[in-house]
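Remarks on the structure that follows.
The values are calculated or read from the model by the stated rules, or taken from the named source; none is laboratory data. Model, not experiment: these values are computed from the prediction. No Cβ is skipped: glycine too gets one built from the backbone with ideal geometry, and neighbour counts run over all protein chains shown.
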Amino acid sequence: MERSLETRVSQAVDAWLRWLPRWEPATHRGRRSPCRRCFGSPILEAAGIDHDTPHGVQHGLSTRIKTIIDQSVARYTSQNLPMLQSELDQQSARNRARSYRPREDLDPEFDGLPLDPEPDPGAPFLFTIAEFEEEAAQETPPLPPLSEEAKRALRREVALADEYAAEVGHEVCHLLVTHRPRIRAAVSEYVDPQIEAMMKELTTSLDAPFDPRDLGK
Ligand SMILES: [Zn+2]
């Protein structure tokens, strides 16, 4: 495992801490389905923000940490897993050939989220970004089929990459625990007061559901 993992985790937490003061509660309706990256994430558990922390705050951190794991796995793959690397190279060549690539260059706060908002029942979308993306994917011809032997070899390499990812993930979570105090402190400073203010506003509006001056009109 590369020596710089500790530094990279520390830098990712630094970057998230620099971003956090700009966080604001979402005013739009929440999503119904849980985020696949954040729900039950061991990263968020290690960071100490798996409970009672708004998803936007969690997502900004889980994405930054996931990037470290992805980059480590990519390096391991390029050095040790030639079949998988060649598959990935072909896949990225295909991706580059597409005319529409809505997932590229997203900020960590938006990366990995569904491209379109939740549809509103009764108000269907005329088009969705996901549909455009799928159309663009069909422009490129399919990859040539693999022999059975090549498929087996590829599956072995995929399993090795998975094992390595689990190992790095475990190490990253271990390192993240040491940053828990400053993560928690920042949430208390920048997030909790905003949540409290929102709750207070909600309680006030529930106590006074109508304006008394409207009475008798
Ligand atoms: Zn998320």
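Return only the number of the condition from (1) more than 14 Å from the ligand (Cβ to nearest atom); (2) under 18 Å from the mean Cα position of the chain (by Cα) that residue 91 does not satisfy.
If we test residue 91 against (1) more than 14 Å from the ligand (Cβ to nearest atom); (2) under 18 Å from the mean Cα position of the chain (by Cα), just (2) comes out false.
Just one of the numbered conditions (1) under 30 Å from residue 4 (Cβ atoms); (2) away from the ligand (no atom under 16 Å from the Cβ) is not true of residue 112; which one?
Of the numbered conditions (1) under 30 Å from residue 4 (Cβ atoms); (2) away from the ligand (no atom under 16 Å from the Cβ), the odd one out for residue 112 is (2).
Out of all the residues in the range 36-52, which are more than 9 Å from the ligand (Cβ to nearest atom), in a loop (DSSP other than H, G, I, E, B), at negative phi and in contact with a Lys or Arg (Cβ under 8 Å, 6 or more places away or on another chain)?
49
Can you find a residue in the range 6-23 that is at pLDDT below 95, within 16 Å of the ligand (Cβ to nearest atom) and in contact with a helix residue (DSSP H, G or I) (Cβ under 7 Å, 6 or more places away or on another chain)?
Taking every residue of the range 6-23 in turn, at least one turns out to be at pLDDT below 95, within 16 Å of the ligand (Cβ to nearest atom) and in contact with a helix residue (DSSP H, G or I) (Cβ under 7 Å, 6 or more places away or on another chain).
Return the residues of the range 71-97 that are touching a residue at least 12 places away in the same chain (Cβ under 8 Å) and of a type in the set (D, E, K, R); say none if nothing qualifies.
75, 87, 94
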